[in-house]
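Single-structure report; data block below.
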Amino acid sequence: MPPAAVRRPITVTVWLVMSVVCLALSPLLLALAALVSAVTGRPQTLIFARLLVAYFALEFSTLIACATLWLASGRSLSSSVRQMGREFSERPPRCRRVC
């Protein structure tokens, strides 16, 4: 399995692409689901399509919010990976016992 530094950008990119494609095709998807529901007389297809579109809309907005927070934190392209590694590898100071 590849390291997290490789997996995370790939996963985020795939989810962003899937979300954008689903949201772009949502009018067609909902129309097709409504047609199938009308033909079969069962609402499950339309319900599933609505849930799918709502899920990807929430997923997309969450990813955009996370990216905005990441950029606002100042840890984006300007930060050094070595510096972040040093911050996490430093040992915390020992706690003194209070009697």
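The values are calculated or read from the model by the stated rules, or taken from the named source; none is laboratory data. As the structure is a prediction and not an experimental result, all values here were calculated from the model. Heads up, the Cβs are rebuilt from the backbone with ideal geometry, glycines too, and the neighbour counts pull from every protein chain shown.
Residue under question is Arg42, and the condition is that it be modelled with pLDDT of 95 or more and surrounded by 13 or more Cβ atoms within 10 Å (Cβ to Cβ); does it hold? The answer is no for Arg42. Candidates in segment 38-75 are the residues that are out of contact with any Ser or Thr (no Cβ under 8 Å at 6 or more places or on another chain) and aromatic (Phe, Trp, Tyr); of these, the one that is nearest to Pro9 (Cα to Cα) is Tyr55.
Of all residues in segment 7-37 being among the small types (Gly, Ala, Ser) and in contact with a Ser or Thr (Cβ under 7 Å, 6 or more places away or on another chain), which is surrounded by the fewest Cβ atoms within 10 Å (Cβ to Cβ)? Top of the filtered list is Ser37. Each residue in segment 55-75 was checked for being exposed (fewer than 13 other Cβ atoms within 10 Å of the Cβ) and within 14 Å of the chain's Cα centre (by Cα), and 10 pass.
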